[in-house]
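Colleague: Dumping the structure here so I can ask a few things about it.
Laboratory data are not the source of any read-out in this text; all were calculated from the coordinates shown. Here the structure is a predicted model, which means the values were calculated and not measured. We place every Cβ from the backbone using ideal geometry, glycine too, and count neighbours over all the protein chains shown.
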Amino acid sequence: MSTDIQIGGTVNQPLRDLELRREELFRQIENLGDFRRGIISVNYRKCGKSNCACARKGHPGHGPQYLWNVSVGGKTQARNLPLGPELEKVQQEVERYQSFVRLSQELIAVNDQICQLRPARTIKDENELEQLKKKLRRNFVEKRKRK
């Protein structure tokens, strides 16, 4: 949804370029596919048996074990992932989530720039302008009273 904004009689090309970039970012987000938050860690663990090889000094422990971890709402979830297709699937989903975060951050930055460049509407009718000012004052006073 690209709109040509005229400022000083010429089309504002930076605004148009930013709108095109925003459309491209939306397309990239739409095409990401499945994604999930979290990280995959590789762990080695000692079993606790005194006669096991893992009990010797310098032994890394049993493993590697692949663990998907995520924290949602202050609660941590974890799941062991077997080496193979399931680990590959979760790894790709986590990578796509990182892409989603990066694209979302860029989208926010582009939108901020668009908002800075896009001019506010012009109201030539003094009566309409005064009505708008009254409405805005009333809205902000009501919000202030609610706090």
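Colleague: Taking region 24-39 on its own, how many of its residues are in contact (Cβ under 8 Å) with a residue 60 or more places away in the chain and touching a helix residue (DSSP H, G or I) at 6+ places or on another chain (Cβ under 7 Å)?
Modeller: 9
Colleague: Further question: Consider region 97-147. How many of its residues are in a helix (DSSP H, G or I), touching a residue at least 40 places away in the same chain (Cβ under 8 Å) and over 30 Å from residue 70 (Cα atoms)? Lay out the reasoning, then the answer.
Modeller: Taking region 97-147 first, the residues in a helix (DSSP H, G or I) are 97-117, 126-146.
Next, only the ones that are touching a residue at least 40 places away in the same chain (Cβ under 8 Å) stay: 97, 99-100, 103-104, 106-107, 110-111, 113-114, 117.
Of the ones still in play, those that are also over 30 Å from residue 70 (Cα atoms) are 113-114, 117.
The total comes to 3.
Colleague: Also: Here are 42, 70: which of them is loosely packed, with under 11 Cβ neighbours inside 10 Å, in a strand (DSSP E or B) and among the β-branched types (Val, Ile, Thr)? Give the steps one after another, and end with the answer.
Modeller: On the way: 70 fails: loosely packed, with under 11 Cβ neighbours inside 10 Å.
Answer to the check: 42.
Colleague: All but one of (1) farther than 30 Å from residue 14 by Cβ; (2) in contact (Cβ under 8 Å) with a residue 12 or more places away in the chain; (3) assigned to a loop (DSSP other than H, G, I, E, B) hold for residue 49, so report the exception by its number.
Modeller: Answer for residue 49: the failing condition is (2).
Colleague: Take region 101-132 and flag every residue that is more than 30 Å from the chain's Cα centre (by Cα) and exposed (fewer than 11 other Cβ atoms within 10 Å of the Cβ). Before you say what the answer is, go through the steps one by one.
Modeller: We begin by selecting, within region 101-132, every residue more than 30 Å from the chain's Cα centre (by Cα); these are 121-132.
If the condition is that a residue be more than 30 Å from the chain's Cα centre (by Cα) and exposed (fewer than 11 other Cβ atoms within 10 Å of the Cβ), then 121, 122, 124, 125, 126, 127, 128 are the ones that fit.
Colleague: Go through (1) of a type in the set (D, E, K, R); (2) closer than 26 Å to residue 32 by Cα; (3) touching a residue at least 60 places away in the same chain (Cβ under 8 Å) and name the single condition residue 79 misses.
Modeller: Exception for residue 79: condition (3).
Colleague: I'm trying to understand the selection: among the residues of region 50-76, which are among the charged types (D, E, K, R) and closer than 16 Å to residue 39 by Cα? Quick ask: steps written out before the conclusion?
Modeller: First, the residues of region 50-76 that are among the charged types (D, E, K, R): 56-57, 75.
Matches in region 50-76: 75 only.
Colleague: Counting only residues that are surrounded by 10 or more Cβ atoms within 10 Å (Cβ to Cβ) and assigned to a helix (DSSP H, G or I), how many does region 28-39 have?
Modeller: 2
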